[in-house]
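Laboratory data are not the source of any read-out in this text; all were calculated from the coordinates shown. No experiment lies behind these values; they were computed from the predicted model shown. Here Cβ is always computed from backbone atoms with ideal geometry, including for glycine, and neighbour counts include all displayed protein chains.
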Amino acid sequence: MNLGISGRWALVCAASKGLGRGCAQALVQEGVNVVITARGSEALLVTQEELKALNPAVEVRAVAGDITTTEGRAEALAACPRVDILINNAGGPPPGDFRDWDRETWLKALDANMLTPIELIKATVDGMAQQGFGRIVNITSGAVKAPIDALGLSNGARSGLTGFVAGLARQKRLASRNVTLNAMLPGPFDTDRLRATLAGAARATGKTVDEVTAARRETNPTGRFGSAEEFGAVCAFLCSVHAGYITGQNILMDGGAYPGTF
Ligand code: NAP
């Protein structure tokens, strides 16, 4: 299937590794020019080279910076001649007990996982509507659909984003102009973040990382973790010309882990 987005420009936030990288890779393979961001420049530059090698016909620009800051967002936007596609992503907040979290901790989580995507949407969405094409995908979490107790900061901040976007996506001035806003809700994907969580669980329980990893895989109906490539392919489809009638949706991608019928 030709996704019909060759020559478009995408800003893919937090994309030197993991799910963001998977999205950037899939878009590059479809002929989309990308601006990728991350705080650390080392992995970012390696990813930039790898993406360029995958498709020398597209432009791959790398912007090192923290996307949760005003400067980080301004630099990322400035590097993108036109944002046709916006993939919102950032690191997830730490686990813990809400009794230990003060106002500052909450504000940091809200900044990263709710207000940063909203700021980037605000900066781009009306331009998308004007040109009659726009695709926004927010990477959130399966925790929006089924909260994870230890990830209260994530449950709260991402649900706030989800509620806001649910309203925005249905604005006629956006939906009737071929601008869609959707979220992808990852379950367990084989990335650095998941590996760090598994290492933490191993330390806490005295088990080996292999034991904890095998047990976690077994709890998923597929018996495995998802891959960033699979995630990226679904993201690229949501960004395609074929997905113009999908908006305001939350696409759960978790190997069937969520046990409900709907
Ligand atoms: P990952 O493998 O750790 O990759 C995170 C990427 O984001 C890296 O490129 C990192 O680079 C960049 N990044 C982090 N914070 C940033 C910031 N403030 N500004 C710019 N770049 C930033 O993580 P992942 O597994 O892909 O997770 C992506 C998102 O999905 C996270 O919000 C995570 O909570 C969520 N999620 C993941 C899973 C999963 O199983 N993997 C499940 C549910 C939800 P630098 O560190 O150099 O900045």
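Values as computed for the structure displayed
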read-out	value
Helix axis angle, 18-29 relative to the chain longest principal axis, alpha carbon, degrees	30
Where no second cysteine Cβ lies under 4.7 Å, the cysteines concerned in the chain	CYS13, CYS80, CYS239
Total charge dipole magnitude, the chain, about the Cα centre, Cβ charges on Lys, Arg, Asp, Glu only, Debye to nearest 20	620
Over the stretch 168-218, equivalent-ellipsoid semi-axes from the Cα gyration tensor in Å	41, 9, 8
Acute angle (nearest 10 degrees) that the helix 209-219 long axis makes with the longest principal axis of the chain, alpha-carbon atoms	70
Under 14 Å, Cβ to Cβ, from LEU51 - net charge with Lys/Arg +1 and Asp/Glu -1	-1
Charged-residue dipole, Cβ positions (Lys, Arg, Asp, Glu), the stretch 1-112 about Cα centre, Debye nearest 20	240
Globularity index of the chain, i.e. its alpha-carbon radius of gyration over 2.2 N^0.38 Å	0.98
Intensity falloff of the stretch 7-163 expressed as log10 I(q)/I(0), Debye formula with alpha-carbon point scatterers, at q = 0.13, 0.19, 0.21 Å⁻¹	-0.59, -1.14, -1.30
Cα extents of the stretch 76-226 along the three principal axes, largest first (Å)	56, 37, 29
Residue among GLN171, GLY160, GLN48 farthest towards the positive dipole end of the chain, charges placed on Cβ	GLN171
At q = 0.25, 0.26 Å⁻¹, base-10 log of I(q)/I(0) for the stretch 27-104 (Debye sum, equal scatterers on each alpha carbon)	-1.25, -1.31
0 to 90° range, to nearest 10: angle between helix 116-131 axis and the chain longest Cα axis	30
